[in-house]
Amino acid sequence: MSTSVTVMEASKRQLFSKGYMLAITAVIDNPYPLESEMRHVNEAMIQWLKSRKNAAWGLTFVFTASPQQETAIQLAISHLLLQDFEWKPQIDRLRDIRILLLDGVTKTSKELVVRKS
């Protein structure tokens with residue numbers, strides 16, 4: 001199955017350890033509808049949480065979509081972050097969670113900070 005979802009990881013040195021941040025990007029349009037892409041976003045997030053466990057530090061979701069999709073994207077991300085599953089404790093420990101919405105036509109952006117500590 002084709003997807004627009006890509007991931008990129010960065011590390012951050014902390015005093016006695018290293019923390020990891022993940023950016024998950026997706027393009028929401030006709031070939032890549034939100035529902036389909038969210039399955040891939042969820043899978044990427046879970047795989048990363050499994051691999052980084054307690055070293056997971058932050059998560060950024062980047063969506064290129066029409067402004068009309070903004071509410072649906074926010075709800076879908078909320079659902080991902082609030083789902084009750086074995087990796088919920090790692091999600092709850094993340095210090096930084098953001099959603100970046102990009103308008104593919106006007107090239108404007110909007111950042112939503114879900115959690116910052």
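Here are some notes:
- Checked against the criteria, residue 53 does not count as under 15 Å from residue 95 (Cβ atoms), without any contact (Cβ under 8 Å) to a residue 60 or more places away in the chain and in a strand (DSSP E or B).
- Residues in region 60-75 that are farther than 16 Å from residue 37 by Cβ and under 12 Å from the mean Cα position of the chain (by Cα): none.
Here is a yes/no grid of residues against (1) surrounded by 17 or more Cβ atoms within 10 Å (Cβ to Cβ); (2) free of Cβ contacts under 8 Å to residues at least 24 places away in the same chain; (3) touching a helix residue (DSSP H, G or I) at 6+ places or on another chain (Cβ under 8 Å); (4) acidic (Asp, Glu):
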{"site": "8", "(1), (2), (3), (4)": "no, yes, no, no"}
{"site": "18", "(1), (2), (3), (4)": "no, no, yes, no"}
{"site": "29", "(1), (2), (3), (4)": "no, no, no, yes"}
{"site": "43", "(1), (2), (3), (4)": "no, yes, no, yes"}
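- Only one of the numbered conditions (1) crowded, with 17+ Cβ neighbours inside 10 Å; (2) free of Cβ contacts under 8 Å to residues at least 12 places away in the same chain is not met by residue 13, and that is (1).
- Residues satisfying the stated conditions in region 2-27, i.e. hydrophobic (A, V, I, L, M, F, W, C), within 14 Å of the chain's Cα centre (by Cα) and in a loop (DSSP other than H, G, I, E, B): 5
- Complete set of residues in region 93-107 that are surrounded by fewer than 10 Cβ atoms within 10 Å (Cβ to Cβ) and either closer than 17 Å to residue 45 by Cβ or among the β-branched types (Val, Ile, Thr) (or both): 105, 106
- Residue 55 vs. criteria modelled with pLDDT of 95 or more and surrounded by 12 or more Cβ atoms within 10 Å (Cβ to Cβ): no
- Candidate set: region 3-47, residues that are polar (S, T, N, Q) and over 18 Å from residue 99 (Cβ atoms); chosen: the one modelled with the lowest pLDDT: 14
- Flag: residue 60 matches the condition of being β-branched (Val, Ile, Thr) and modelled with pLDDT of 95 or more.
- Top-ranked residue in region 59-92 [being part of a strand (DSSP E or B) and either among the acidic types (Asp, Glu) or touching a residue at least 40 places away in the same chain (Cβ under 8 Å) (or both); ranked as surrounded by the most Cβ atoms within 10 Å (Cβ to Cβ)]: 64
The values are calculated or read from the model by the stated rules, or taken from the named source; none is laboratory data. Computed from a predicted structure; not experimentally measured. Reconstructed Cβ throughout: ideal geometry from the backbone, glycine too, with neighbour counts over all protein chains shown.
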